[in-house]
Structure formats: structure tokens, C-alpha cells
Amino acid sequence: MGEEDKGAKPEQEEKEQVPNQEALTVDVSREIDITAAVPISSMLSSEPSWFTPKRLLFIFCVINLINYVDRGAIASNGVNGSRRTCTKSGTCSAGSGIQGDFNLNNFEDGIISSAFMVGLLIASPIFASLAKSVNPFRLIGVGLTVWTIATAGCGFSFDFWSIAVCRMFVGVGEASFISLAAPFIDDNAPVAQKTAWLGIFYMCIPSGVALGYVYGGLVGGNFNWRYAFWGEAILMLPFAVLGFVMKPLQLKGFAQGGSNKGLTAVDTLAVEDQVAEASTEELVEKHAKTSRSRTGINLNQLTRFLRDMKLLLLEKVYVVNVLGYIAYNFVIGAYSYWGPKAGYNIYHMKNADMTFGGITIVCGILGTVAGGYVLDLMTSTISNAFKLLSIATFFGGIFCFAAFCFKSLYVFIALFAIGELLVFATQGPVNFVCLHCVKPSLRPLSIAMSTVAIHIFGDVPSSPLVGVLQDQVNNWRTTALVLTSVLFLAAIIWFIGIFLHSVDRFNEDSELPITVDRSNTTPLLGNKTSEATEATKSEL
């Protein structure tokens, strides 16, 4: 009996040790769930997300479209109008639109078009940095709410300063959206169609501006320019509300610090699998890494922003890409604002808003989508993107320049349409470079600072500078030719980018505390999530 008791003791001790180890494993895994993922029980009971990638792309496109409809509307003759004029005999006309009601000169009118940049400049880095610790869709909801209120305020403005301040807050609202939408689209687009999806999204820029010309012309011409802004605010309001009710979604390269909704359901399954297979020591080590990662995420926001900005500025590919984009946007921004007015004065177009709007809608849609698909066919690499950027911009500049040299309206429309088709083909490739030349955790900041740069050095100074040039030369044809020549500078800068050493950093790093294989997962895919959930249920 004594020997049997002795022999039974080790077995009993082993049995007693096993529950302790299992208890420790469950306890540690629970800690990991709390810090990094949604609890599996809530995951199993949740319904698949309605927001599939295609639906999300559609929502983003509509928001972007409304945003740029506002840009086109304020530049249209129906909303912008014309300033008061007086004849030598002393007879004065009242003028029309914003320029007429507030008696603005061309320089002040150009300031109105660029005022949004103040808000965009201040808010873009803030929203991009907050995306690391706050649900991005809540940020978008806040931004779109500000945009809606500010746009409605433009309709209630009573002088130059009141509308200028409202336009500044429009920029704040835009900042929340532009820095986060492109990374989400790039995350969820099919691998072979990433540039095409980006092209579809950025197609809304020219088409939105063009629709804005038509919309502003119709509303301003038939009612009053103020109604155009109120209509935009009503259209954007549902999307502002949507930003507050959408479920949290995971951005590649980020851990949602302090949130228990940072990972998708599929990621949670992967974490559970890792916990089941790992030893206690490995789990403890992973938990320690998680704690260190959380400590890193809680770094001072300003320090992190300065560090990230330094990384961006040291990336030569990014800098060259943005410099070319600045020169490009210098021209496009002035085209979009002064185009209808220049067309009316040079070619005496009866309805310049409709004509420019129609050309830009067709060429903007075809050119932007085509540019994305062409780069995908060439194989989406940074070097190929620079080739497409430089070639399309160079030949687009030639056609646009030649268009303004002819006096015939029909020749102008034909040549200018071809030029715009080529110029707009750059939208997908230039943003592809911005997203892929930096590591994933820098992508929102990359897009944000790119947008800030192209506005503050591009279309913001170009609109008032073109106004000043026109006041001096008093010849819209000469002004248009001088402006168009800047496209060749953009083509040269992008041509330099072809010879730079470039590395696609899309999969380079992640700030997620636990490595998850995302090759077969998409954060928004309700179908794949539900399949994984069913598989787990069957195993249980």
C-alpha cells in the first residue's frame, strides 16, 4: 500500500497541476482579449457587418462628391457671380452672387476660395494623429458635422469676413475625412485593383467640382446663391450622423488604444487560436509585449507627430511626389475656380458653368478611372506610377496649352477635353505613391500632409495670384497660358521620381500588439467574418 501511495502521489500532483496551468492560460488569454480584441462571446453573438468594402467605397465616394460639389458651386457664375461695375457716366450695376453682394475684388474673391485651407491646415494633423487612439469613424462624424454647420453658415453670411470664417470651418470638416478615407479604401480594395479603387474615389474630385458648376449655376441663377449652400448642408447631414452610428473599423497599422473594439472578429479568432496553441511562458511574454505596446501608444501626441513628420520628410519618394502634386494642383485649383469666368470672357460662352461642368464631368470620370486601371495593368509599383504621372501630365499640358492658343470655341473644347482626360489620369497614381511609399502607421498622416501641402502651396495661392495677374494684364487668354505652363514643371518633378530608389512599404510594419495574418481577412467583410464565426461554432 505504501508503495502504491507513493506511486499515486506523482500522478495526483500532475492532475492537480494541469487545472492550474489551464486556469493560468485562460486568465492570460482573457487579459489579451481585454487589451487587444473583442471578447469571443460577444463576437459569436454579433451579426455580420453591413458595411462591406464596396458599400464603404460607395459611401466615401458620395461624401467626397458632396464635398467637391461645394468647391464647384462657390466657383460657379451662379453663386460666385460678378462684382459691381460702373460706367464713365456714373451708372452702376448691382452685380450678382457673392462677389456682387459683398462687393469683392478679384483678390478678395480668390481669398474666399482658399479660406478653407486655414481650417484644413490646422485640423488635418490633429485628426491624423487622433486616428491612432480614437475610432476613425467618430472622427469623421465630428468633422462632417462641423462641415455641415459651416456650409449652412455660408448661406447666412452677411459680409466678406463672415463667409471667410465659415469657409475656414468647412476646411476643418474636410480634414477629418480626407486623411482617413483613402487608407480605408486601400486596406479593403482587391489586391489587383487597388489603384482602380483609389481612382474611383478620387474621380469624385473633378466630377464633384463639375457638378458644383452646374448645381451652382442652376440654383444661383433661378433662386439665390445662399440656397446652394443650404442644399449642400442638407445632403451631407445624413453622412455626419452615419459617422457616429457606424461600428468601429480597424485601420491597417493601428491598434485602437484603450478600446475593446480594436480588432475585427476574424482577428479575434486568430488571437484565440494563438492562445490555444501557445505555452504559458509564451503567453506571458506576449502579454508583456502588449503592455509595452500600450505604453508606446500613450506617448505624447506632439512628440509622436513630430517624429512621424520627420520620417515623412526624410522619405525622398514622398517629398518628390508631393512637390509634383503641388505644381499640378496649382494649375487644377485655379482652373476649377477661374475656369468658368475665363471661358465666358475668352470665348463668350453663353453658359460657361454648364460647358465647363460638362467637359470636366466626362473627362474627370473617364480620365481618373482610366489612370487607376492603366497603372494596375502596368503592375502597381511606385516607379510605374511616376512614369504614368510624368507622361500623362506632360502631354496633358501640351493639349491644354494648345487649346487656349486657338480662337475657335469648338477647337478649344476638343483640345481642352483631351488635355483634361490626360491630366485627371494622375489622381489614382499620385495617391497610390503617397500610401505605399510610407509604412502603414504613417498613411493617414501621409495623405493629410499631402493634402495640406498641395493646398497651402498649390491651389490656395494660385487662385488669388491668378486674380492679381488678371488684374494686371487684363487678358484672360494670357493668364490661362501662363497658368497652364506650370503643368510642365509638375511633369519634370514626377519624371525625377522614376530614378529614385523606391520600396513599397504597404506590409512593412504594424502597430498591432499581436501579429495577425491578414492575407485572407478584410476588416469590413461581413461574409468572411460570418464564415469564420460559423466554423468556430461548429468546433465548439
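Worth a mention:
- In this simple spin-label model, placing a label point 7 Å from the Cα along the Cα-to-Cβ direction at both I122 and F406 gives a separation of 4.8 nm.
- Scanning residues 5 or more positions from S82 or on other chains, those with amide H under 5 Å from its amide H are S96, G97, Q99, G100, with H placed 1.01 Å from N in the peptide plane.
- Each of the peptides 380-388, 432-440, 55-63 was scored by the mean count of other Cβ atoms within 10 Å over its residues; in descending order, highest first, they stand as 432-440, 380-388, 55-63.
- The HN-Hα couplings worked out from phi for the stretch 484-491 by the Karplus form 6.51 cos²θ - 1.76 cosθ + 1.60 (θ = phi - 60°) are 5, 4, 5, 4, 5, 5, 4, 4 Hz, whole numbers, x standing for Gly and Pro.
- The stretch 403-482 shape via C-alpha gyration tensor axes, a/c threshold 1.5: oblate
- Evaluating 6.51 cos²θ - 1.76 cosθ + 1.60 at θ = phi - 60° for every residue in the stretch 173-188, the Karplus couplings come out as x, 5, 4, 5, 8, 5, 7, 10, 5, 4, x, 4, 5, 5, 4, 9 Hz, glycine and proline recorded as x.
- Spacing of the two label points (7 Å from each Cα toward its C-beta) at N105 and K316, in nm: 4.5 nm
- Subtracting the Cα-Cα distance of F244 and I496 from their residue separation scaled by 0.36 nm leaves 86.4 nm.
- For the pair R477 and M378 in one chain, pulling the backbone fully straight at 0.36 nm per residue adds 31.9 nm over the alpha carbon distance.
- Estimated inter-spin distance, Q193 and I59, nm [label 7 Å along Cα→Cβ]: 1.9 nm
- Probing with 1.4 Å while keeping every protein chain in the model, the per residue accessible area of the stretch 434-485 equals 30 Å².
- The packing ranking, built from the mean of other Cβ atoms within 10 Å per residue, places the peptides 196-203, 477-484 in the order 196-203, 477-484, highest first.
- Of K194/K439; K316/K439; K54/K316; K341/K387; K310/K439; K316/K387, pairs whose Cα-Cα distance is over 25 Å: K54/K316; K341/K387
The values are calculated or read from the model by the stated rules, or taken from the named source; none is laboratory data. All figures in this text were calculated on a predicted structure; none of them were measured in a lab. Ideal geometry is used to build each Cβ from the backbone, glycine not excepted, and the neighbour counts take in all protein chains shown. With ligands, DNA and RNA removed, areas are computed over all heavy atoms of the protein, side chains included. Shrake-Rupley method; radii C 1.70, N 1.55, O 1.52, S 1.80 Å.
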